[in-house]
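Working notes for the structure below.
The values are calculated or read from the model by the stated rules, or taken from the named source; none is laboratory data. The structure presented is a predicted model; accordingly, all values stated were derived computationally and were not measured. In this analysis, Cβ positions are derived from the backbone assuming ideal geometry, glycine residues included, and neighbour counts consider all displayed protein chains. These accessible areas exclude ligands, DNA and RNA; they are computed on the full protein's heavy atoms, side chains included. Shrake-Rupley method; radii C 1.70, N 1.55, O 1.52, S 1.80 Å.
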Amino acid sequence: MPQGPQAQLVLDIQRHWLGFMLSMITPTVVVDGRPMPGRWGRNAFVLPPGRHHLHVHLPYLLPSQIGPADLTIWLQPGMSLDVEYRAPMWAYSRGALGPPPQQWNGMGITIALMAIPLGLLAFLFLLIIGSVLWA
């Protein structure tokens, strides 16, 4: 790191409570092509002032990256910039990266995938109850 005034990037990496299984995956943070240590929650990185490219994703098997997201940031000397990453609800969606608060990408398909089986179960339950009452 060069000497002189520095800047700070504060990256808050979040997952939805429905994505509790993601807590077993360590997020990957890359700043200007260099991997940085990342974890769930707040991460603080001291960087030189200037333009930086930020990339965050969750490594996985298939797909190889869950929720990739990129952002270009500009840091001034002595500045502290808060950025939020939200892992997607659906593995094939992109992550959301930018100023807080960010949205939960993939929420619609997750709700649909949960509602369809629950609706079918409710329908079967009503059929069973109906057949018992009519018998």
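Select, from Gly95, Gly106, Gly78, Gly130, the only residue that is open to solvent by less than 40 Å² (accessible area, probe 1.4 Å), among the small types (Gly, Ala, Ser) and on the phi > 0 side of the Ramachandran plot.
Details: Gly95 fails: on the phi > 0 side of the Ramachandran plot; Gly78 fails: open to solvent by less than 40 Å² (accessible area, probe 1.4 Å); Gly130 fails: on the phi > 0 side of the Ramachandran plot.
The match here is Gly106.
So which residues in region 1-59 are modelled with pLDDT of 95 or more, small (Gly, Ala, Ser) and surrounded by fewer than 16 Cβ atoms within 10 Å (Cβ to Cβ), if there are any at all?
Answer for region 1-59, where residues must be modelled with pLDDT of 95 or more, small (Gly, Ala, Ser) and surrounded by fewer than 16 Cβ atoms within 10 Å (Cβ to Cβ): Gly33, Gly41, Ala44, Gly50.
Are there any strands (runs of 3 or more DSSP E) wholly within region 31-135 with 1 or more residues that are touching a Ser or Thr at 6+ places or on another chain (Cβ under 6 Å), and if so which? Show your work before the answer.
Numbers: elements: 34-36, 41-47, 50-59, 65-75, 80-86, 96-98.
The qualifying strands (runs of 3 or more DSSP E) are 50-59.
Exactly one condition in (1) basic (Lys, Arg); (2) in contact with a Gly (Cβ under 9 Å, 6 or more places away or on another chain); (3) open to solvent by 80 Å² or more (accessible area, probe 1.4 Å) is false for Arg86; which is it?
Here Arg86 meets the rest and fails (3).
Since Met79 meets every condition but one in (1) at pLDDT below 95; (2) over 17 Å from the mean Cα position of the chain (by Cα); (3) not acidic (Asp, Glu), which condition does it not meet?
Checking Met79 against (1) at pLDDT below 95; (2) over 17 Å from the mean Cα position of the chain (by Cα); (3) not acidic (Asp, Glu), the one that fails is (1).
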